[in-house]
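Since the structure comes first, as structure tokens, the remarks are kept for the end.
The values are calculated or read from the model by the stated rules, or taken from the named source; none is laboratory data. Computed from a predicted model, the values in this text were never measured in an experiment. Glycine gets a Cβ as well: all are built from the backbone with ideal geometry, and neighbour counts include every protein chain shown. Surface accessibility is based on the protein's heavy atoms, side chains included, excluding ligands, DNA and RNA. Shrake-Rupley method; radii C 1.70, N 1.55, O 1.52, S 1.80 Å.
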Amino acid sequence: MNIIIIEDEFRAAKSLQNLISDLKPEARILDVYDSIETSVNAFSKGIKPDLIFMDIHLSDGLSFEIFKQADITCPVVFCTAFDQYMLDAFKSKGVDYVLKPFSRDDIAEAFRKVDELKKFFQKTELPDLEALIQKISLPQAVAKSSFLVFKNQKYTTIATENIAYFYIHNEITHLMTFDKQQFQLSQTLGQVAEQVSQKQFFRVNRQYIINFSAIKEMEHYFQRKILVKLTVETPEQLLINKEKSHSFFTWLEDR
């Protein structure tokens, strides 16, 4: 069995490799990819795995974008921090999942389910990816309602609804509130993306996650990109590339 891993968190990818080698010593891990771009590039060069372990949130967007740009017919086990309720969407489509942080038993169970679904995955029909993108939104009750921050020798909490955007500067994650207060966070931007409501927040690129309520206006930009302007000024221009613009507008319409 040839396997590839699509995961942008180094520790999670390494843990998966070790567990797969332990549970399926006969399996061959072809490679590990950490983004939509590198994954699509690999498929364009003809990589043919028998199974994929795929994170949902990657550095450059939702991994469902890979399916739009590459021909994938093998089983996919999604790895995510989402709870059981939200993952019903995947199970109803015949795609298995493991929750982070995952254990040896979780991966063993995933292999068992993939074996049981082998006949299903021999079909070329893929899940309704647009529907999955819609359903992946976390309900507000599950999403993180506040972030603990430290500034001027004091701890305080910032309500998520008061955050205009998150961004990376000098490899450190920051949040900016609607009243223009800035705080550092210990989480990576990828971790933040999994904690906030996917209905309210959108990761426009590798550097920014924006709040729907902070959007002021949008306009077409050079090379078919979208320029997004917020009510709270950002250090750099917010540009969405043409490959991601479709999912962005889908997110805007899902109100």
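Determine the order of 54, 176 by accessible area, beginning with the largest, at a probe radius of 1.4 Å.
Highest to lowest solvent-accessible surface, that is 176, 54.
In straight Cα distance, which aspartates and glutamates are under 20 Å from residue 180, not counting same-chain residues fewer than 8 positions off?
Straight-distance partners of residue 180: 161, 217, 233, 236.
Each residue of the range 230-242 in turn: what ³J(HN,Hα) in whole Hz from Karplus with 6.51, -1.76, 1.60 and θ = phi - 60°, glycine and Pro shown as x?
9, 6, 10, 4, 9, x, 10, 5, 8, 10, 10, 6, 5
Work out the FRET efficiency for residue 48 and residue 23 from their Cβ-Cβ distance, taking R0 = 22 Å, and round it to the nearest 0.05.
That gives a FRET efficiency of 0.50.
Got a sec to turn the phi values of the range 149-163 into Karplus ³J(HN,Hα) couplings, 6.51 cos²θ - 1.76 cosθ + 1.60 with θ = phi - 60°, whole Hz, x for Gly and Pro?
10, 10, 7, 6, 6, 9, 9, 8, 10, 10, 4, 4, 5, 8, 9
Applying the Karplus parametrisation 6.51 cos²θ - 1.76 cosθ + 1.60 with θ = phi - 60° to the phi angles of the range 3-14, what ³J(HN,Hα) value in whole Hz is obtained for each residue in order, glycine and proline being reported as x?
10, 10, 10, 10, 7, 9, 9, 4, 5, 5, 5, 5
Rounded to the nearest 0.05, what FRET efficiency is calculated for residue 182 and residue 224 with R0 set to 41 Å and r the Cβ-Cβ distance?
About 0.80, to the nearest 0.05.
Going by amide H atoms built from the backbone, whose H comes under 5 Å of the H on residue 225, apart from near neighbours?
none
Show the residues, 5+ positions off or on another chain, whose built amide H is closer than 5 Å to the amide H of residue 238.
Residues meeting the criterion, in which the H sits 1.01 Å from N, are 228.
I'd like the distance separating the alpha-carbon centroids of the range 20-73 and the range 185-221, in whole Å.
24 Å
Nearest 0.05, what FRET efficiency do residue 109 and residue 14 give at R0 = 30 Å with Cβ-Cβ as r?
Computed FRET efficiency for residue 109 and residue 14: 0.90.
How would 244, 113, 229 rank on accessible area, largest to smallest, probe 1.4 Å?
Putting 244, 113, 229 in descending order of accessible area: 229, 113, 244.
Once amide H atoms are built 1.01 Å from N in the peptide plane, which residues 5 or more positions from residue 30, or in another chain, come under 5 Å H to H?
For residue 30, the qualifying residues are 3, 4.
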